[in-house]
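A quick write-up on the structure given underneath.
The values are calculated or read from the model by the stated rules, or taken from the named source; none is laboratory data. Predicted model only: the values in this text are computed from it and were never measured. Note: ideal-geometry Cβ built from the backbone for every residue, glycine included; neighbour counts use all protein chains shown.
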Amino acid sequence: MPLLDHLIELRSRLMWSLASIIVLFVAIFPFAEYVYQFLVQPLAEIFEEMGGQRRLIFTALHEAFFTYIKLSLITALFIAFPFISMQFWMFVAPGLYKHEKKALAPFLVATPILFFMGGAMVYYIVMPWAYEFLLAFELEGGPGTLPIVSEPKVNEYLSLSINLIFAFGICFELPVVLTLLGRIGVISSKGMKEKRKYAILISFVVAAVITPPDVISQVMLAMVLIFLYEISIFSVRLIEKDRGHTEDDFGDEDTEEQADATSGA
């Protein structure tokens, strides 16, 4: 295809992707309150266990409205991701060879699954433990002192929760990234084994940076990253074996062609 046709095709795919996001945003916005209540459920359960009348607040008149807009947009992007991936695949697939399609397709499938697994781990495990740890710094107060009570803001809670979900979701993409690098020959399973101790150190550093300041969530994310790194080593090793078999097959085909040429001569 000429360059202009490629650009037209790209514009069409982008327009379809943008349209899907807009349609989903419009459909989700009326239910943004319920989506937010689902997101705030881990904190609500902790508040319920602590007793008393607890609440979330907003200090600007427009804060809750823009928070719902932001949440609706993020939810629309999340739901539309499979459709956007399909548009990306439809754009690049015609220019790929059969073995290239076979190599790329699993990565497109694994990416949203791993991201969802990371987000689920945050919602069901990390957030309850982390928020319970942070709320432990409240003070009841007494004679001559004032109580310290947590009243989280609506937009700040959303930002913290979304940042955690995206941080864990992106970290869960580690096997996809390393396997892709292994497939194109940038890294090898042997090199990954030799650098394992550095990977462990980096895992703990990354966990300390992107998680709340509690030991439980930091250690949990670090252990998950180490586990994903080990899975990546195994995945890269499988790719190397498959590449070796493929090269052997090509070598046999070349030998047969040379033999046929010699016999024909």
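Within the range 195-226, being in a loop (DSSP other than H, G, I, E, B) and over 17 Å from the mean Cα position of the chain (by Cα) holds for LYS195, PRO212, PRO213, ASP214.
Once the range 127-186 is narrowed to residues that are touching a Ser or Thr at 6+ places or on another chain (Cβ under 8 Å) and among the polar types (S, T, N, Q), the residue that is modelled with the lowest pLDDT is THR179. Given the criteria hydrophobic (A, V, I, L, M, F, W, C) and either over 22 Å from the mean Cα position of the chain (by Cα) or closer than 19 Å to GLY169 by Cα (or both), does LEU10 qualify? Yes, satisfied.
Per-residue answers, yes or no, for (1) surrounded by fewer than 15 Cβ atoms within 10 Å (Cβ to Cβ); (2) among the aromatic types (Phe, Trp, Tyr):
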site: PHE78; (1), (2): no, yes
site: PRO82; (1), (2): yes, no
site: SER85; (1), (2): no, no
site: MET90; (1), (2): yes, no
site: GLY95; (1), (2): yes, no
site: GLU100; (1), (2): yes, no
site: ALA105; (1), (2): yes, no
site: VAL109; (1), (2): yes, no
site: ILE113; (1), (2): yes, no
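Assessment of the range 44-59 against the conditions (out of contact with any helix residue (DSSP H, G or I) (no Cβ under 6 Å at 6 or more places or on another chain), among the aliphatic types (A, V, I, L, M) and part of a helix (DSSP H, G or I)) yields at least one matching residue. Taken over the range 159-194, the residue count meeting the criterion of being of a type in the set (Gly, Ala, Ser), in contact with a helix residue (DSSP H, G or I) (Cβ under 8 Å, 6 or more places away or on another chain) and either more than 20 Å from PHE234 (Cα to Cα) or part of a helix (DSSP H, G or I) (or both) is 5. Does GLU156 satisfy being part of a helix (DSSP H, G or I) and among the acidic types (Asp, Glu)? So GLU156 passes the test. In summary, SER188 fulfils each of the numbered conditions (1) within 21 Å of the chain's Cα centre (by Cα); (2) small (Gly, Ala, Ser); (3) under 30 Å from ALA103 (Cβ atoms) with the single exception of condition (1). Take the range 92-123 and flag every residue that is in contact (Cβ under 8 Å) with a residue 40 or more places away in the chain, over 16 Å from LEU160 (Cβ atoms) and among the aromatic types (Phe, Trp, Tyr). Once the filter is applied, which keeps residues that are in contact (Cβ under 8 Å) with a residue 40 or more places away in the chain, over 16 Å from LEU160 (Cβ atoms) and among the aromatic types (Phe, Trp, Tyr), the range 92-123 yields PHE107, PHE115, PHE116.
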